[in-house]
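Reading through the structure tokens given below for one structure.
The values are calculated or read from the model by the stated rules, or taken from the named source; none is laboratory data. This one's a predicted model, so the numbers in the text were calculated from it and none came from an experiment. Cβ atoms come from the backbone with ideal geometry, glycine included; neighbour counts cover every protein chain shown.
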Amino acid sequence: MTNSSKSASRPTVERSSRSQNPPKVGIVSLGCPKALVDSERIITRLRSEGYQLSPDYAGADVVVVNTCGFLDSAKQESLDAIGEALAQNGRVIVTGCYGVEKDAIRTAHPGVLAVTGPHQYEEVVTAVHDAVPPLHDPFIDLVPPEGLHLTPRHYAYLKISEGCNNRCSFCIIPSLRGDLSSRPAGDVMREAERLVQAGVKELLVISQDTSAYGLDVKYKESEWRGAPLKAKFFDLAKALGSLGAWVRLHYVYPYPHVDDVIPLMAQGHVLPYLDIPFQHASPRVLKAMRRPGAQDKTLQRIRRWREACPDLAIRSTFIVGFPGETEEDFQMLLDWLSEAKLNRVGCFKYEPVAGAAANELAGVVPEEVKEERWNRFMAAQQDVSRNLLETRVGREIDVIIDDVDEEGALGRSIWDAPEIDGSVFLNGDTDVKAGDIVRARVAHADEYDLWAERIIG
Ligand code: SF4
């Protein structure tokens with residue numbers, strides 16, 4: 001959002017002053033894709049009531065800030081965003097993960113109109129009604145059946161569950177979002193169908209723990225296309241794969257039943273892509289993180305997956321400098337990484353999160369050691385990534401186009417998720433549009449991206 005007039009007051013917007021102009025809401029969405037989906041639900045609901053979206057602070061009658069509270073740095077970013085919205089607009093409603101810390105928000109910014117937590121869609125909408133009442137126009141129905149999305153039209157996030165049953169010691173998400181709560185499979189499929197009918201070419205399946213989908217409801221069946229469908233990871237992946245869009249699975253854990261979806265990937269029903277947050281490889285550190293620690297078995301499992309589906313790309317995230325991590329633990333992580341040869345990797349330096357159990361652990365790693373380990377980790381992974389991407393040179397691949405300008409097109413391969421992975425550059429190719437899926441031959445690679453030429457005809 002851009003600058004607008006400064007006002008720290010809370011003007012009441014009267015219906016008469018707005019005459020019949022629809023009220024306008026600005027939204028600032030911070031945090032992860034799950035928070036983005038929450039923002040989409042909020043705006044979908046508000047648009048269905050006749051509100052319009054404002055792309056800037058100046059045009060908004062009220063601004064909703066959807067916050068992230070995962071790390072202290074994310075909390076600070078949220079406070080800064082709230083401060084900016086207050087300074088630029090003056091009428092601000094706060095929601096999202098950081099919203100559970102109402103007191104901290106109100107202390108920093110006493111001028112906010114309301115503070116609600118994650119998934120409290122009703123409360124956010126009520127707060128918007130209080131700030132700027134909706135126009136009651138029975139002819140206003142501005143919402144397409146697939147809802148409204150903040151991602152480009154050709155891809156969309158599909159949230160299949162909320163919450164998490166795990167209790168990783170560095171994470172406060174279960175206390176923010178509660179235990180696992182899976183959506184009925186029929187509901188997920190109907191949403192996915194509407195998205196595909198509306199032109200979405202790529203569905204990004206998200207949750208806190210995608211492979212645990214349905215565990216809480218004992219894999220309960222629900223109706224889809226006149227037949228029962230189980231709320232189960234494999235069954236849902238298979239059904240999604242039948243819709244004709246790319247299906248990408250995020251936040252999967254290497255549980256044994258994940259083996260079952262690998263044939264779906266080999267057969268082309270879902271993308272050969274798994275986003276698995278491994279976090280570490282040393283059994284000692286994993287135990288302190290309260291995460292499963294059999295990384296040798298995981299290596300064997302990765303090997304078997306690749307035998308069954310040689311094209312499989314694995315993305316992961318890791319934390320270095322966790323309390324108690326020794327040089328030996330870290331070296332174990334580097335060794336594991338060179339064995340596992342993961343395609344895409346993100347690495348975070350450990351940061352304590354207020355309220356997380358890991359804060360009580362001994363052996364705090366000094367910042368300079370974290371920094372040094374992070375640099376070594378990234379250098380090691382760059383070599384792995386470069387070597388893997390070089391094997392793609394000369395291959396014909398499918399590329400989904402994300403953006404086109406006068407210099408050419410920018411897209412992604414089946415091995416790259418939007419925002420977090422690499423790109424495929426089609427230099428000089430302007431004869432395509434966002435959402436096209438084209439065939440191209442890879443000409444060049446570096447440690448992150450590919451360059452390719454479209455195969456015409
Ligand atoms: S799996 Fe662990 S890190 Fe992920 S949301 Fe659950 S508790 Fe947090």
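Quick look at the values:
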read-out: Filtered residues of the range 153-198 (kept if farther than 27 Å from Lys102 by Cα and within 14 Å of the chain's Cα centre (by Cα)); value: Tyr155, Ala156, Tyr157, Leu158, Ile160
read-out: Sole exception among (1) at pLDDT below 95; (2) surrounded by fewer than 14 Cβ atoms within 10 Å (Cβ to Cβ); (3) over 28 Å from Arg153 (Cα atoms) for Gly394, by number; value: (1)
read-out: Tally of residues being part of a helix (DSSP H, G or I), of a type in the set (A, V, I, L, M, F, W, C) and either free of Cβ contacts under 8 Å to residues at least 40 places away in the same chain or under 25 Å from Glu49 (Cβ atoms) (or both) across the range 98-134; value: 8
read-out: Residue in the range 267-279 that is on the phi > 0 side of the Ramachandran plot and either of a type in the set (A, V, I, L, M, F, W, C) or not in a loop (DSSP other than H, G, I, E, B) (or both) present; value: yes
read-out: Counted residues, the range 42-95 - those being modelled with pLDDT of 90 or more and part of a strand (DSSP E or B); value: 10
read-out: Subset of the range 224-236 (residues that are surrounded by fewer than 23 Cβ atoms within 10 Å (Cβ to Cβ) and within 14 Å of Ser207 (Cα to Cα)); value: Lys232
read-out: All positions within the range 199-222 that are part of a helix (DSSP H, G or I) and under 20 Å from the mean Cα position of the chain (by Cα); value: Thr210, Ser211, Ala212
read-out: Residue within the range 248-255 that is within 16 Å of the ligand (Cβ to nearest atom), over 19 Å from the mean Cα position of the chain (by Cα) and under 16 Å from Ser161 (Cβ atoms) present; value: yes
read-out: Total residues in the range 185-199, condition of a type in the set (Val, Ile, Thr) and at pLDDT below 95; value: 1
read-out: Flag if Val258 is within 16 Å of the ligand (Cβ to nearest atom) and of a type outside the set (Asp, Glu); value: yes
read-out: Pick from the range 150-184, criterion touching an Asp or Glu at 6+ places or on another chain (Cβ under 6 Å) and in a loop (DSSP other than H, G, I, E, B), ranking: nearest to the ligand (Cβ to nearest atom); value: Cys164
read-out: Strands (runs of 3 or more DSSP E) (entirely within the range 319-436) containing at least 3 residues that are more than 30 Å from Val196 (Cα to Cα), in contact (Cβ under 8 Å) with a residue 24 or more places away in the chain and of a type outside the set (A, V, I, L, M); value: 344-349
read-out: Leading residue by the ranking (farthest from Ile206 (Cα to Cα)) among those in the range 272-294 that are away from the ligand (no atom under 16 Å from the Cβ) and over 25 Å from the mean Cα position of the chain (by Cα); value: Arg284
read-out: Residue within the range 249-265 that is surrounded by fewer than 23 Cβ atoms within 10 Å (Cβ to Cβ), among the charged types (D, E, K, R) and over 30 Å from Val364 (Cα atoms) present; value: yes
read-out: Flag if Asn3 is surrounded by fewer than 19 Cβ atoms within 10 Å (Cβ to Cβ), at pLDDT below 85 and in the same structural domain as Val124 (by TED's automatic domain parsing); value: no
read-out: Index of the failed condition, Asp449 passing every other in (1) surrounded by 13 or more Cβ atoms within 10 Å (Cβ to Cβ); (2) free of Cβ contacts under 8 Å to residues at least 12 places away in the same chain; (3) not aromatic (Phe, Trp, Tyr); value: (2)
read-out: Residue that is modelled with the lowest pLDDT [pool: residues in the range 219-260 that are among the acidic types (Asp, Glu) and out of contact with any helix residue (DSSP H, G or I) (no Cβ under 6 Å at 6 or more places or on another chain)]; value: Asp259
read-out: Test: residue in the range 411-420 that is under 30 Å from Trp305 (Cβ atoms), touching a helix residue (DSSP H, G or I) at 6+ places or on another chain (Cβ under 8 Å) and surrounded by 14 or more Cβ atoms within 10 Å (Cβ to Cβ); value: no
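Each row is one residue, and each column tells you yes or no for (1) over 26 Å from the mean Cα position of the chain (by Cα); (2) over 30 Å from Val100 (Cα atoms); (3) of a type in the set (Asp, Glu).
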| position | (1), (2), (3) |
| --- | --- |
| Glu367 | yes, no, yes |
| Phe377 | no, yes, no |
| Asn387 | yes, yes, no |
| Val399 | no, yes, no |
| Ala409 | no, yes, no |
| Asn427 | yes, yes, no |
